[in-house]
1. Per residue of region 363-376, what does 6.51 cos²θ - 1.76 cosθ + 1.60 with θ = phi - 60° give for ³J(HN,Hα)? Whole Hz please, x for Gly and Pro, Karplus curve as stated.
2. Quick check on packing: order 458-469, 437-448, 98-109 by the mean number of other C-beta atoms within 10 Å, highest mean leading.
3. Counting other beta carbons within 10 Å of each residue's own, what order do HIS483, HIS397, HIS114 fall into, fewest first?
4. With θ set to phi - 60° and the Karplus curve 6.51 cos²θ - 1.76 cosθ + 1.60, what are the ³J(HN,Hα) couplings of region 448-463 in order, to the nearest whole Hz, using x for Gly and Pro?
5. How long are the semi-axes of the equivalent ellipsoid of region 107-248, defined as square roots of 5 times the Cα gyration tensor eigenvalues? Whole Å, largest first.
Amino acid sequence: MPDNAANYLKCKNYICFFYFGIIIDSFDYQRPLGCLRSDPAVKSIFILKCLLGYESIREDRTYMSKPESITLEHLALINKYITVRQKTLDLCVPLEIEDMVVQPASFVSPPKWHLAHTTWFFVTFVFHRFGVDYAWPDKYFPQLFNSYYKSQGQHWVQGDRGNLSRPTVKQIQTLRQEVDEVMISWLERFNGDIPSEIQTVVRLGLEHEQQHQELLMMDIKYILWCNPSKPAYLPSTSIHRGSVLSNPGQKAYENENWSSDGGLQQFGVGLPSADFCFDNETPQHNAYLQPYSIAHRTVSNAEFSEFIADGGYQEPSFWLSEGWDYIQKDNINAPLYWRSEEGDGKDRWQEYTLNGMEEVRGDVPVSHISFHEAYAYARWANKRLPTEFEWEHFAKHNPSCKSASIRETTELFLENNLAQAYYPEHAEGFVNVNGGLWEWTSSTYAPYPGYRSEKGAFGEYNGKFMINQVVLRGGCFATPRAHYRMSYRNFYQAHQRWAFTGLRLVEEKV
Ligand SMILES: [Fe+2]
């Protein structure tokens, strides 16, 4: 039997498993399309099928170039679509319906908005661009679910998303289900030959949804924390990970660091790329590094507690002017989710994690700090923050930090019920490069030399935010596994700290 014919039969069989699962799962309103994750029997059969010949169906294949096996690539795209869309729903399972609609701060979005907006992306940029026969069920949906795409017409004010009781969560879940059914049916009709321009935009929509999965976790944590009862997101049975820190009081920099002679180094992604990347990661270019030393691990809670106890938040010389004004205005004296309680004549710090309020653990990385706090800590420690190029050069030398290796070895929270970032136990000497927390750099978010923003609506994705933002590198424990990339450039404003952020220390090598 010709290879293509054999592949086609395998693929039809595989598609049947998806539809079989969809039919079964349609009885469970909250988990449409969820059979491969939620039903152990079907999942076992799926794994068996993979072992019998579908091992090449992987999430991390590229769609930037013509695939060698069109049929398998076609299935990989459908597989990824179903998996990614389901994960967004899975993240909302621990929530009550009331958790889905509130917006306690303008920078936070209600979870139901994330569910709707990620769906809007596919309708707007896939269905309407490629002529799929689909009409919005409500004429206001395009406006309500658009985030900031001026080219796509008016959008609702971000800070007012929580003021809308309609559309309801139920309506949005129905919308998602309808759009998913149309999408899968449409992709399947290409019969194994999806045009590359469609593959590219669908893949972009999935990467966009994975970004929102992390945003969703940031927002859920903030929403639950704003309640005085501090409800937990994860059940109390969730796992507390161990730590590689035998002595939490150890200084991250003094004990272990990695030195580089610097020199001219290559950064950025050259096109065409073998892997997916956003346009802000391009083009490939050189940058010169001075010799430097960088800590093996990020700063711990124990270390950051010393900064607090030493009056770090009360000493203006450690702070940039804007940072000092910011902590004065908002009366900030600790990381975002820390609260102090009197005990034994001194402050005892508690921290809100996805498990609820707990004692601050000294042996885990400090998290939820702004760039200003990271900068002040580094000044206090007589060190500095790395540039994004120093960070990437360091990470490239971490044997456990290759892009594929990260995806395979990082013990991420969704699979492990992690309530906070921790120092992984198997880090091959370099600790916590791969995904505990996003790490603040000293680099402002600017275009790489030769960068050209995409034309049209996708030019609004990254390029227009290249002002007044700071680059963060790495990834965090809430970043979807398949979304990790060494070249990834995250960015936030210097005062923002509801993202899962931390810091690593550097100094010049003499
Ligand atoms: Fe978005």
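1. Values, residue by residue: 9, 10, x, 5, 9, 6, 10, 7, 4, 4, 5, 4, 4, 5 Hz.
2. Highest-to-lowest ranking by the protection proxy: 437-448, 98-109, 458-469.
3. Working: HIS483 20, HIS397 11, HIS114 25.
Going from sparsest to densest Cβ surroundings: HIS397, HIS483, HIS114.
4. Whole-Hz 3J(HN,Hα) from phi for region 448-463: 5, x, x, 5, 10, 5, 4, 7, x, 4, 5, x, 8, 5, 10, x.
5. 33, 22, 14
Read-outs: derived from the displayed coordinates by stated rules, not from any lab. Note that the coordinates shown come from a computational prediction; the quantities given were computed from them, not determined experimentally. Using ideal geometry, Cβ is built from the backbone for each residue, glycine included, and neighbour counts are taken over all protein chains shown.
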